[in-house]
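Asker: Below you will find the structure I want to go over with you.
The values are calculated or read from the model by the stated rules, or taken from the named source; none is laboratory data. All values reported here derive from a predicted model rather than from experimental measurement. FYI the Cβ positions are ideal-geometry reconstructions off the backbone, even for glycines, and counts take in every protein chain you see.
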Amino acid sequence: MRMLRWFCGHTRRDRVRNEVIRDRVGVAPIEEKLTQHRLRWFGHVQRRPPEAPVRNGVLERVDNIKRGRGRPKLTSDESVKRDLKDWNISKEIALDMSA
């Protein structure tokens, strides 16, 4: 946002809202970009052959570690499922590179 403000010629003291600056420059919200990147990575991993370390579970976390108290951490699987549900995308569409 600092760079976008500088690009538009505004400072924080001007009290121009972030949404106004993003609209003026034509930049998407950061949450949307993170979701797109997560889904792109999910499609990349799913297209890998089943014997690849990413696919066969070598890089997954170990389940027998005792977790701390409180709210459990959000896993990448849960965030991808939430993104697919929020954007109404099926897994097959996420696997298609052209889509």
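Asker: If I filter the stretch 62-87 down to residues being surrounded by 11 or more Cβ atoms within 10 Å (Cβ to Cβ) and in a loop (DSSP other than H, G, I, E, B), which single residue comes out as modelled with the highest pLDDT?
Answerer: Per the stated criteria, the residue is Trp87.
Asker: Which pairs do you get when a residue that is over 11 Å from Leu4 (Cα atoms) and among the hydrophobic types (A, V, I, L, M, F, W, C), found in the stretch 15-26, comes within reach of a residue that is at pLDDT 90 or above and surrounded by 10 or more Cβ atoms within 10 Å (Cβ to Cβ), reach meaning Cβ atoms under 7 angstrom, with the pair 6+ apart or on two chains?
Answerer: Listed by first residue and then by second, the contacts come to Val16/His10.
Asker: Shifting gears a bit: If you check Leu4 against the conditions, is it closer than 25 Å to Ser98 by Cβ and modelled with pLDDT of 90 or more?
Answerer: When the stated conditions are applied, Leu4 does not pass them.
Asker: I need the full set of residues from the stretch 27-46 which are more than 25 Å from Met1 (Cβ to Cβ) and either in contact with a Leu (Cβ under 6 Å, 6 or more places away or on another chain) or of a type in the set (A, V, I, L, M, F, W, C) (or both), in order please.
Answerer: Pass one, the stretch 27-46, residues more than 25 Å from Met1 (Cβ to Cβ): 42-46.
Residues satisfying the conditions are Phe42, Gly43, Val45, Gln46.
Asker: Counting only residues that are small (Gly, Ala, Ser) and surrounded by 11 or more Cβ atoms within 10 Å (Cβ to Cβ), how many does the stretch 1-59 have?
Answerer: The qualifying residues number 2.
Asker: Continuing with the same structure: Give the stretch 88-99 a look and list any residue that's modelled with pLDDT of 80 or more and not small (Gly, Ala, Ser), or say none.
Answerer: Asn88, Ile89, Lys91, Glu92, Ile93
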